[in-house]
Amino acid sequence: MDLPDYYFRVRDNGAFVFRVENDGRQRRLELDQIAVVNLNKGEIKPHGDRALTAQDSAAIAKWMAERRALLAQRDLDDIHRAVDFLNTTTHWIQSRATDEQVDQVTDRLLLAMHDLRTVLVRKRAERGLPG
């Protein structure tokens, strides 16, 4: 089996980094923790008293860049899904919702949409202003 040299156990704001050690003779796989990554702070902390090799650091830096790109793409995908949900919500309210159901969600939806509109208009205006 062709395994990667490193395994990244993803967590909320980064990952635990393991070196993958494959003992082919006994068909045993060992995961040796070498570092902890915090994406929010951009920190790489060696695990215990370890010193990371240049290869370790390069692999972790590559993973961090790829992970940030993936998370940014997921954020954008979430926004596209939110637009779809807004359209679905509009259709549900118009076609199937009872008066009681509409009353249950109206204030929260209007406040959330007002907040979103305010931020979008402000962001667009900031882009249009020089400097």
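Which one of these is within 30 Å of Q33 (Cβ to Cβ), out of contact with any strand residue (DSSP E or B) (no Cβ under 7 Å at 6 or more places or on another chain) and small (G, A, S): A125, A65?
Only one candidate passes the filter, namely A65.
Every residue, every condition in (1) surrounded by 11 or more Cβ atoms within 10 Å (Cβ to Cβ); (2) in contact with a strand residue (DSSP E or B) (Cβ under 6 Å, 6 or more places away or on another chain); (3) charged (D, E, K, R); (4) under 20 Å from Y6 (Cα atoms), yes or no:
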residue	(1), (2), (3), (4)
L29	yes, yes, no, yes
I34	yes, yes, no, yes
I44	yes, yes, no, yes
T53	yes, no, no, yes
A69	no, no, no, yes
I79	no, no, no, no
E100	no, no, yes, no
R108	no, no, yes, no
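Give me the strands (runs of 3 or more DSSP E) completely within the stretch 1-89, filtered to those with at least 2 residues that are in contact (Cβ under 8 Å) with a residue 40 or more places away in the chain and among the aliphatic types (A, V, I, L, M), ordered by residue number.
Here the list reads 14-23.
Just checking, which of D12, D49, D5, D23 is at pLDDT below 95 and in contact with a helix residue (DSSP H, G or I) (Cβ under 7 Å, 6 or more places away or on another chain)?
D5
The values are calculated or read from the model by the stated rules, or taken from the named source; none is laboratory data. This structure is a prediction, so every number in the text was calculated from the model and none was measured. No Cβ is skipped: glycine too gets one built from the backbone with ideal geometry, and neighbour counts run over all protein chains shown.
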